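Report on the following structure.
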Amino acid sequence: MNPPDEGVPDELPGVAPRLRDLRRDRGLTLETAAGRAGLSPAHLSRLETGRRQPSLPMLLGLARIYGTTVSELLGEQPPERDAIVRGGGFEGAEADGWMYRQAGGSGRAMQALRVRVPYGAQGDLVRVHPGEEWLYVLEGRLRIGLGDTVHDLEPGDSAHFDSLTPHRIAAVDRCGAELLFVHSLLQSPAAELCLGNALHAR
């Protein structure tokens with residue numbers, strides 16, 4: 001049984017009001033935005049009031065719908081003219097078990113992230129949306145389902161695919177996996193993030 005939504009701390013400060021403001025700035029009703037994101041209006045309302053924490057796939061979908069990036073949703077504003085993103089320790093944000101940090105500049109036609117996927121993450125969640133995705137496994141083993149096929153990727157392996165292909169991602173090993181993830185931010189009135197039923201119950 002899932003715990004009640006009330007009292008859930010805002011682990012991503014500022015995201016909730018930013019989601020609400022972006023939706024309103026785009027002239028979208030709660031129902032319209034929720035429908036495009038594959039969420040119920042009640043679920044999106046909880047995200048906008050901070051009573052629910054968005055997962056990384058949710059943030060990616062909402063960023064596409066609102067014409068922005070995950071980094072900007074999180075309030076990360078690196079200098080626009082700085083083309084260099086320094087490495088270092090993995091001190092990123094967390095959403096629904098995913099750890100991620102920016103690996104590229106903001107305001108671009110594509111977004112690059114360094115992502116840590118926990119064991120079993122997204123095993124029952126399928127995504128479909130316009131654009132392209134490329135991922136490169138740095139550590140651990142990753143299982144990626146593309147349509148009806150499933151592939152196990154080792155460190156050094158990569159995948160590049162059309163995001164309209166139904167896809168799902170899961171870490172094979174209990175220690176999780178780390179990868180570089182790049183996706184294009186193609187905008188479309190039909191842009192959606194199609195989620196499995198399990199995510200709606202979170």
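For the reader, a short list of remarks on this structure follows.
- Packing-based ranking of 32-44, 157-169 yields 32-44, 157-169, ordered from highest to lowest mean Cβ neighbour count within 10 Å.
- The label-point distance for Arg174 and Asp162, in a model that sets each label 7 Å from Cα toward Cβ, rounds to 4.1 nm.
- Contact order normalised by residue count of region 12-72, Cα under 8 Å, 6+ apart, percent: 34
- For region 12-72, the per residue solvent-accessible surface stands at 35 Å², with DNA, RNA and ligands left out and a 1.4 Å probe.
- P(r) tail fraction, region 12-72 - alpha-carbon pairs more than 12 Å apart, %: 63
- Cut-off under 5 Å, modelled amide H: who pairs with Thr69 long-range: none
- Computed label-point distance, nm, for sites Glu132 and Thr29 using a 7 Å Cα→Cβ extension: 3.7
- Portion, in percent, of the accessible area of region 135-176 that falls on carbon or sulfur, probe 1.4 Å: 47
- Built amide H within the under 5 Å cut-off of Ala171, gap 5+: Gly120, Ala121, Arg143
The values are calculated or read from the model by the stated rules, or taken from the named source; none is laboratory data. Just so it is clear, the model here is predicted, and its values are computed rather than measured. For neighbour counting, all protein chains shown are included, and Cβ atoms are generated from backbone atoms with ideal geometry for every residue, glycine included. Calculation scope for accessible area: heavy atoms of the full protein, side chains included, ligands and nucleic acids excluded. Shrake-Rupley method; radii C 1.70, N 1.55, O 1.52, S 1.80 Å.
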